[in-house]
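Let me begin by presenting the structure, written as structure tokens, before commenting on it.
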Amino acid sequence: MIKSYDVIGNIAILPESTKSSKKIAKELLKKFKHIETVAIKTKIHSGKFRLQKTKILAGKKTKTALHKESGCSFRLNIDQTYFSPRLSGERLRISKQIKKNESVLVIGSGVGIYPIIISKHSKAKEIYAIEINQKAVEFAAENLKLNKINNVELYLGDARDVLPKIRKTFDRIILPLPSNADSFLDLILKKIEPKGIIHMYDFESENDIPHKSIEKIKQYLKKPKILNVQKVGQYSPRKFRVCVDFKIN
């Protein structure tokens with residue numbers, strides 16, 4: 001039996017093809033009743049929308065899942081939208097930091113998982129969510145209704161085009177875009193309240209944590225107040241996804 005695989009709703013995703021992949025797929029279906037489809041990655045997350053490609057090996061011929069996390073439900077297509085089930089603890093960590101009546105912005109909000117988890121697990125006043133992938137926004141709109149959320153505003157488009165049109169500032173901004181989050185810092189520093197907090201995600205090699213991520217921030221902000229640097233998952237051998245929580249002085 002394979003040791004590592006992701007489960008999104010009722011779909012199990014194997015990381016790579018082996019001679020025994022189809023046998024493993026059938027074993028997963030037999031062993032775990034909640035798994036109805038087993039797929040395998042044929043292409044890793046890449047491109048503008050950071051999408052993966054998968055092939056169904058066994059079970060129902062569907063790539064749309066109903067995933068449950070932290071008391072919330074999310075519909076999504078595993079090939080059409082980016083989603084990581086491994087960040088559930090991290091999403092709760094962020095939610096628990098949000099104070100009553102905060103205005104929150106999420107850039108790269110995907111199928112709405114950060115905004116919805118935040119709405120359910122904090123007393124945020126309002127949450128603005130910007131996402132460039134139209135399919136993800138369509139699922140996010142469905143997920144808002146599914147979870148009966150009414151304090152999230154969805155925006156479709158590139159944040160560089162959308163954000164200047166939003167005439168307000170935010171107490172907290174979340175950038176769950178680890179491959180290029182720092183490229184938005186010049187934009188969001190104009191939209192963050194004095195003493196506001198930013199959560200920036202990044203990919204870094206183990207030996208470069210935390211200084212490389214902090215150096216990226218200092219290119220835009222000379223004296224950020226670093227609150228925390230957290231490893232939130234392993235991307236590849238010796239390379240990690242990290243979150244830098246920092247405050248505007």
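With respect to (1) closer than 27 Å to Ile78 by Cα; (2) modelled with pLDDT under 95; (3) among the polar types (S, T, N, Q), the lone exception for Asn207 is condition (1). Cβ separations smaller than 7 Å between residues 6+ apart or across chains give no pair from segment 84-109 residues that are under 14 Å from Asp245 (Cα atoms) and touching a residue at least 60 places away in the same chain (Cβ under 8 Å) to residues that are β-branched (Val, Ile, Thr) and surrounded by fewer than 17 Cβ atoms within 10 Å (Cβ to Cβ).
When segment 154-180 is filtered for residues that are of a type outside the set (Val, Ile, Thr) and in contact (Cβ under 8 Å) with a residue 40 or more places away in the chain, the ones remaining, listed by number, are Leu154, Ala159, Leu163, Lys168, Phe170, Asp171, Arg172, Leu175, Pro176, Leu177, Pro178, Ser179. Considering segment 33-69 alone, what residues qualify as being assigned to a loop (DSSP other than H, G, I, E, B), buried (at least 16 other Cβ atoms within 10 Å of the Cβ) and either modelled with pLDDT of 95 or more or in contact with a helix residue (DSSP H, G or I) (Cβ under 6 Å, 6 or more places away or on another chain) (or both)? Selection gives Ile35, Glu36, Lys63. The residue that is surrounded by the most Cβ atoms within 10 Å (Cβ to Cβ), counting only those in segment 70-99 that are assigned to a helix (DSSP H, G or I) and more than 15 Å from the chain's Cα centre (by Cα), is Gln97.
Can you tell me which residue among Ser183, Ser205 is farther than 29 Å from Lys120 by Cβ, surrounded by fewer than 20 Cβ atoms within 10 Å (Cβ to Cβ) and without any contact (Cβ under 8 Å) to a residue 24 or more places away in the chain? Give the steps one after another, and end with the answer.
Working: Ser205 fails: without any contact (Cβ under 8 Å) to a residue 24 or more places away in the chain.
Sole residue among the options that is farther than 29 Å from Lys120 by Cβ, surrounded by fewer than 20 Cβ atoms within 10 Å (Cβ to Cβ) and without any contact (Cβ under 8 Å) to a residue 24 or more places away in the chain: Ser183.
Residues that are over 16 Å from Ile56 (Cβ atoms) and outside any helix (DSSP H, G or I) within segment 10-32 comprise Thr18, Lys19, Ser20, Phe32, listed in sequence order.
Okay, residues lined up against (1) at pLDDT 95 or above; (2) closer than 23 Å to Phe49 by Cα:
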residue: Leu177; (1), (2): no, yes
residue: Leu189; (1), (2): yes, no
residue: Met200; (1), (2): yes, yes
residue: Lys218; (1), (2): yes, no
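Count of segment 82-108 residues, restricted to those that are of a type outside the set (A, V, I, L, M) and under 24 Å from Ala12 (Cα atoms), is 9.
The values are calculated or read from the model by the stated rules, or taken from the named source; none is laboratory data. Predicted model only: the values in this text are computed from it and were never measured. Don't worry about glycine lacking a Cβ; one is built from the backbone with ideal geometry, like all the others, and counts go over all protein chains shown.
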